[in-house]
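This report refers to the structure that appears directly beneath it.
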Amino acid sequence: VKNYTDKRGRRLSAIFLRLPSRSELPDYYLTIKKPVDMEKIRSHMMANKYQDIDSMVEDFVMMFNNACTYNEPESLIYKDALVLHKVLLETRRDIEGDEDSHVPNVTLLIQELI
């Protein structure tokens, strides 16, 4: 997920590596109750705080949901979150070796959540 690039070679995860600072976007922290970034996920992983893949995936999903909650659907961050969410689900399916599992329509699921 972190290394995923689009057709132009742009790494979509760049904005998700670190949360915005409170001084940059104070309203982000009023809107988003559980802020998560890739650095936090990485540190939890390195410290063996995840019991299983599901726990780690939950944090990724939270991060992408946060992006879609805070940003407008037309924004690049929102769209990148949807793409990376789908990449996450596809990667998880590949890791688990479940060829028959269906990757859901992430856009539809996000719209239902917010």
Does any residue in segment 4-15 that is in a loop (DSSP other than H, G, I, E, B) come within less than 7 Å, Cβ to Cβ, of a residue that is aliphatic (A, V, I, L, M) six or more places away or on a different chain, and which pairs are these? Y4/L12; Y4/L84; Y4/V87; D6/L12
List pairs: first in segment 55-68 and without any contact (Cβ under 8 Å) to a residue 24 or more places away in the chain, second part of a helix (DSSP H, G or I) and aliphatic (A, V, I, L, M), Cβ under 8 Å, 6+ apart or cross-chain? M56/I41; M56/M45; D59/I41
Within segment 16-29, does at least one residue satisfy the condition of being in a helix (DSSP H, G or I), at negative phi and aliphatic (A, V, I, L, M)? no
Evaluation of N105 against (1) farther than 20 Å from P35 by Cβ; (2) modelled with pLDDT of 90 or more; (3) of a type in the set (S, T, N, Q) (one fails), failing number: (2)
Residues in segment 45-69 that are within 13 Å of the chain's Cα centre (by Cα) and either β-branched (V, I, T) or modelled with pLDDT of 95 or more (or both): how many? 13
When every residue in segment 30-42 that is part of a helix (DSSP H, G or I) and surrounded by 11 or more Cβ atoms within 10 Å (Cβ to Cβ) is compared, the one farthest from the chain's Cα centre (by Cα) is T31
Tell me the residue from D94, D98 that is more than 21 Å from N3 (Cβ to Cβ), loosely packed, with under 12 Cβ neighbours inside 10 Å, modelled with pLDDT under 95 and out of contact with any Pro (no Cβ under 8 Å at 6 or more places or on another chain), please. D98
Report yes if M56 is on the phi < 0 side of the Ramachandran plot, out of contact with any helix residue (DSSP H, G or I) (no Cβ under 9 Å at 6 or more places or on another chain) and assigned to a helix (DSSP H, G or I), otherwise no. no
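The values are calculated or read from the model by the stated rules, or taken from the named source; none is laboratory data. As the structure is a computational prediction, the values presented were derived from the model and not from experiment. Here Cβ is always computed from backbone atoms with ideal geometry, including for glycine, and neighbour counts include all displayed protein chains.
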